[in-house]
Amino acid sequence: MQVFYRFFLLMMLMLISFNSKSQVTYYQDIFNGGASFAGFSTGTAYTGSYNGNFETYFHPGSLIRKVFFLYNTYNEPNYDITINLDGVDIILERNELIGNTLKSTQFSSNQNFRILTKDITQIYNNIQNHQINIPSQPFSSCNCFYGNFAIVVLYDNPLLSTINFSLLLNNLNLNSSPSNYYTDINPISTLSQVGFSLNTDIINNPISNDGSRVYVNNNLLGLIGGSDGVDQNSIFGVRGHFYYQNSQLFGLDDDTPDSFMNNNDAIADISPYINVGQQLFWSLEWQAPSVHQNIYSSFQLAYSTPCQPQNVTVSNDTLICPNVPLQLNVSGGTPNSHSMSGYEWLPQENLSCYDCADPIFTGDSSQLYTVRIWGSDSCSVVRPVMVRVGQKPPTQSITNAPSLCGANSGSVNLTLQEPSAGIQFSIDNGPLQNNGYFNNLTSGNHTLSIHTLEGCSFDTLVTVGSYSTVNAAFTASPTAGAIPLQVNLSNQSSNYTNLEWFVDGNPQGNTLNNYTVNQSGTVEIELVAWQNDPTCSDTAMVSILAFDSLIISIPNVITPNNDGLNDVFSITSNLPINVSYSFTNRWGTVVASGSISNQQGTLVLWNPSATYSEGNYFYQLQFSSADVAIDQQIEQIGREKQGFLTLVK
């Protein structure tokens, strides 16, 4: 019988930009065989262990081709859990969230929902009636949990017709309604059913006015909500359980393979709504705008196709260190009207090229890529490639203790927010150890490194302070005087191992008991004492004031005969002084008095006239100076002088 074909649109199912579009073609394949999808929700039991059953289909005589485990995270779990599926443990690790940009924000509280996948092909048991065991989760520790579990099973069978299967992951912010989606698809075989399945969560029964309406190419498929028959809770959404093979859609659980969706029936044959030459559009909208806690995780699309199976290879998921170049590789593509190379990588960030077979990734954060690969018939398949970039474990604290200056007594202690197996530490490129405590450190900067199990190293610069117990001290006596001035020095320092004396910055050695100042002015005597290292020093300093000697000459005879010699009573001073004076005769009568301020040299105090008779006169002199140094000398020689002078004519 001749097989007729109808073509929807000879384009690949485009990989949509992670940041700006509504869904990502995570996986698309063309092969002879079938596909099945089913899932299970924990309902309100996410805080307690929960068990359940659901069913997938596997055609007799087939071989497993690919199995994906799908799940959501609600907010950001800070723990790992292990799901047991048919006796096989599936470990869901929190570090798998890193770099996964398929993330929707929902509800007024801005809870974050991630849609994640895990390839479990190698550990999957080929069982059609599944038992799932979900452990209790510490919801209160982070207001978060893992939920909405499902599996996709693809199986090979050469006796079955060629199938195109697409797994589309939601990447749309769910805070608004409706949620609109579109995609281009590979050609569809004529007369085949087109299976369309929804994977949702937290959608209540439409009776509660909390369902979602589903449209395909502007055709209303129906109003969904409630729970699947395999679940016991009515509020946690529906999944479209099905299998598809030989151009026909089959329902599992409570899903029916007609062209409508209703309540907990979330599959439909959408072939009546597909028009040749159109893209496939679909949308979901809240039943009531005021009730919108509806999550749409993924969409499954299965149909028969005239496209030929493709033999392709792609790079394995890889873990690298930040900014280390990684060569990615893909093969099996054929240049065509869609792509000159036959390949397209998305998103394009951090790749040396996006339309090539071997781009180089360089980045500091993990990234999920998908690569579209075209065949010779202009049909395409899509493969995911995860590049995980090792991240620095979050640090809780870095504390340090200072080092005694000149010694190696400092310490540093780095603690992580959470212990992690395989983490090691080093300082200044030294040997690795299993904890972040290092002692016997010198003061100054040190490079503290965290080494992860993946071989990545993350450096942090830490500074160890220093302290000193050295106290430099000495006594100097006297601290002022006339030159030559001998100053006696006595070291009073403590907690030192070495010291050195300096006079006006000039080193004098480590012993200095006295020092003679021979020039007037200020002299700085400094003592530097340290312990082990000259950089660990303390300094003491004393200023010494030295000055010239004060000389004052006082006459005892005057001869006022106008011969120019000893005509007046005058004193001489080599330094500026203040002087107050008075002269009295033998009867005690003051004959002259006054004062002179801040003068030096010859100072005339009394110029007797001819009326004064010969004889003895008594003088009194009082000295001072504005200059402290001179004033100290006056103090030493006496501030007051008195005596007799003889006047001879």
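All of the numbers you see were taken from the coordinates with simple rules; none came from a lab. All values derive from a computational prediction rather than experimental measurement. Reconstructed Cβ throughout: ideal geometry from the backbone, glycine too, with neighbour counts over all protein chains shown.
Structural remarks
- In this rough spin-label picture, where each label sits 7 Å from Cα along the Cβ direction, the residue 433-residue 626 distance is 6.9 nm.
- Spacing of the modelled spin labels on residue 112 and residue 129, each 7 Å from Cα toward Cβ, amounts to 4.2 nm.
- Over the stretch 355-472, relative contact order from alpha-carbon pairs under 8 Å, at least 6 apart, %: 21
- Within the chain, helix-based [θ] at 222 nm, where runs of 4 or more DSSP H residues each add -39,500 (n - 2.57), nearest 500: -500 deg cm²/dmol
- Cα-Cα pairs of the stretch 552-647 separated by more than 16 Å (percent): 54
- Gyration tensor verdict on the chain (Cα atoms; rounded if a/c is under 1.5, prolate if a/b is larger than b/c, oblate otherwise): prolate
- Distance from the stretch 296-332 to the stretch 162-205 (C-alpha centre basis), Å: 19
- Gain on full extension, evaluated as 0.36 nm per residue between residue 543 and residue 331 minus their Cα-Cα distance, stands at 67.8 nm.
- Backbone geometry of the stretch 550-558 corresponds, through the Karplus equation with coefficients 6.51, -1.76 and 1.60 at θ = phi - 60°, to 3J(HN,Hα) couplings of 7, 10, 10, 9, 10, x, 10, 9, 10 Hz, x marking Gly and Pro.
- Shape category assigned to the stretch 23-304 from the gyration tensor of Cα positions, a/c cut at 1.5: oblate
- Each of 70, 621 has some number of other Cβ atoms within 10 Å of its Cβ, and from fewest to most they run 621, 70.
- Sequence-distant residues sharing a close amide H with residue 621 (under 5 Å, placed H): 641, 642
- Largest-first principal axis extents of the Cα set of the stretch 395-464 (Å): 38, 21, 17
- Amide hydrogen proximity for residue 493: with H placed 1.01 Å from N in the peptide plane, the residues at 5 or more positions away or on another chain lying under 5 Å are 473.
- Amide H to amide H, with H built 1.01 Å from N, residue 164 comes under 5 Å of 303, 304, 305, counting only residues 5 or more places away or on other chains.
- Karplus-derived 3J(HN,Hα), 6.51/-1.76/1.60, for each residue of the stretch 180-194, Hz, glycine and proline x: 9, 9, 7, 7, 9, 10, 5, x, 10, 5, 5, 6, 8, 6, 10
- Two-site FRET efficiency, residue 454 against residue 532, from Cβ-Cβ distance with R₀ of 51 Å, rounded to 0.05: 0.75
- Cα centroid separation - the stretch 454-526 against the stretch 574-620, whole Å: 52
- Positive minus negative residues near residue 436 (Lys, Arg vs Asp, Glu; Cβ under 15 Å): -2
- In sequence order, the stretch 418-426 has phi-based couplings of 9, x, 9, 5, x, 6, 10, 9, 8 Hz under the Karplus curve 6.51 cos²θ - 1.76 cosθ + 1.60, θ = phi - 60°, and Gly or Pro positions carry x.
- Straight-distance candidates among the aspartates and glutamates for linking to residue 66, with alpha-carbon spacing under 12 Å and chain neighbours fewer than 8 residues away dropped: 29, 119, 156.
- Between residue 91 and residue 641, the contour length at 0.36 nm per residue exceeds the Cα-Cα span by 187.3 nm.
- Computed over the stretch 23-304: relative contact order in percent, which uses C-alpha pairs under 8 Å that are six or more apart: 27
- With Cα atoms, 0 to 90° folded angle of helix 628-637 axis to the chain main axis: 40
- All Cα pairs of the stretch 313-389, percent lying beyond 18 Å: 33
- The stretch 340-401 and the stretch 243-282: distance between their alpha carbon centers, rounded to Å: 33
- Inter-label distance, residue 209 to residue 318: 5.5 nm, where each label sits 7 Å from its Cα along the C-beta direction.
- For residue 447, the shell of other residues with beta-carbons less than 11 Å away shows a net charge of -2, using +1 for Lys and Arg and -1 for Asp and Glu.
- The local environment of residue 491, defined by Cβ-Cβ distances under 13 Å, has a net charge of -3 under the rule Lys, Arg +1 and Asp, Glu -1.
- Percent of Cα pairs exceeding the 13 Å cut-off, where the set is the stretch 474-547: 63
- Extension gain for the segment residue 354 to residue 84, taken as residue separation times 0.36 nm less the Cα-Cα distance, is 93.4 nm to one decimal.
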